[in-house]
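The values are calculated or read from the model by the stated rules, or taken from the named source; none is laboratory data. All of these numbers come straight from a predicted model, not from anything done at the bench. Cβ sites come from the backbone with ideal geometry, for glycine too, and all protein chains shown count toward neighbours.
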Amino acid sequence: MKIILAKSAGFCWGVTRAIKKARELSSHNSSVYTDGPLIHNEQMISQLDSEKITATNDPASIEESPLLIRAHGIPPERRTMLNDLNITIADATCPDVAKIQGLIRKHVRQGCIIIIYGDKGHAEVVGLEGYAEEKSFIVATPEDVNKIPISDKRVCLVSQSTQLPLSYGKIIDAVNARFPNAIILDTICESTKNRQQELLDIAEDVDAIVVVGGLHSANTVRLLELAATVKPTFHIQTADQLKRDDFKEFEAVGLTAGASTPDFIIEKVQERLSSF
């Protein structure tokens, strides 16, 4: 069976940057803590745990170890709380996410209400909400836009960085129809766009697609949604979840992975698929 591996599969530059920062801190300290899971991948979190890079939900208790803010970013009120603690703080917020935070703050100060297209409760979205200073609405569908209880305020629309451009386009249409003077910002990161486009390109030459990534990884979920629209799709976290019988009728399979999936997992998945 032929395997076509996406060049974009695996860590995006923001995740690579966060892990590099964590390991640099670890090389100078006996232990490092992250403010919640650094990324959404259980296997990589376990790997980091073995390197004494550990997630914590109680930063006040870590004493002399440094605390690293994760790639998804945090709300400004949490940053203030962390800065008030007697601990060393380092920041691994993805610059693409930090850019969205800055845009939200800018437009709130100009009097805008912020509409955020994203997954409510996701760490990145929670952080973005904080920068909107309680002047925001989270939407997941065009129907949600029509339920927003305002009509006479200027609005600014942003997207969580890992959403599907096609889906965001539908939200944009709904916002423009409801709020003709809306400010529309393209905040889906280039890494996400490239990963999704490459998936579509590969899909033209394969019979099925395997997407590797964590259950709670937003960008992995978007890849799954996109892949399922074009070819039979399988979502796995590790190679041992692959079943030979599922692939016996396929001659070529595309392989991609979410932005928080490490290379060592992708390599094992590729090896197992190649053995079928």
In the stretch 208-218, which residues are within 13 Å of F234 (Cβ to Cβ) and either outside any strand (DSSP E or B) or not assigned by TED's automatic domain parsing to the domain that holds E267 (or both)? G213
Search the stretch 161-171 for residues being of a type in the set (A, V, I, L, M) and surrounded by 20 or more Cβ atoms within 10 Å (Cβ to Cβ), and hand back the single one that is nearest to L223 (Cα to Cα). L164
Among the listed residues D186, D152, identify the single one that is outside any helix (DSSP H, G or I) and modelled with pLDDT under 95. D152
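One line per residue, one yes/no per condition, for (1) more than 22 Å from the chain's Cα centre (by Cα); (2) loosely packed, with under 14 Cβ neighbours inside 10 Å; (3) among the small types (G, A, S):
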{"residue": "S46", "(1), (2), (3)": "no, yes, yes"}
{"residue": "T56", "(1), (2), (3)": "no, no, no"}
{"residue": "A60", "(1), (2), (3)": "yes, yes, yes"}
{"residue": "L67", "(1), (2), (3)": "no, no, no"}
{"residue": "G73", "(1), (2), (3)": "no, no, yes"}
{"residue": "M81", "(1), (2), (3)": "yes, yes, no"}
{"residue": "D84", "(1), (2), (3)": "yes, yes, no"}
Yes or no: the stretch 158-165 includes at least one residue that is touching a strand residue (DSSP E or B) at 6+ places or on another chain (Cβ under 7 Å), farther than 29 Å from Q43 by Cα and not in a helix (DSSP H, G or I). yes
Hey, Q197 outside the structural domain of I45 (by TED's automatic domain parsing), surrounded by fewer than 21 Cβ atoms within 10 Å (Cβ to Cβ), without any contact (Cβ under 8 Å) to a residue 12 or more places away in the chain and outside any loop (DSSP other than H, G, I, E, B) or not: yes
Residues (surrounded by 17 or more Cβ atoms within 10 Å (Cβ to Cβ) and of a type in the set (V, I, T)) located in the stretch 86-106: I87, T93, V97, I100, I104
Apart from one, (1) of a type in the set (A, V, I, L, M, F, W, C); (2) in contact with a His (Cβ under 8 Å, 6 or more places away or on another chain); (3) within 30 Å of N41 (Cβ to Cβ) all hold for I138; the odd one out is (2)
Please work out if R109 is charged (D, E, K, R) and surrounded by 22 or more Cβ atoms within 10 Å (Cβ to Cβ). no
Of (1) assigned to a helix (DSSP H, G or I); (2) over 30 Å from V97 (Cβ atoms), D205 fails just (1)
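Conditions (1) outside the structural domain of G169 (by TED's automatic domain parsing); (2) in a loop (DSSP other than H, G, I, E, B); (3) β-branched (V, I, T); (4) touching a residue at least 40 places away in the same chain (Cβ under 8 Å), marked per residue:
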| residue | (1), (2), (3), (4) |
| --- | --- |
| S46 | yes, no, no, no |
| D49 | yes, no, no, no |
| I74 | yes, yes, yes, yes |
| G102 | no, no, no, no |
| D119 | no, yes, no, yes |
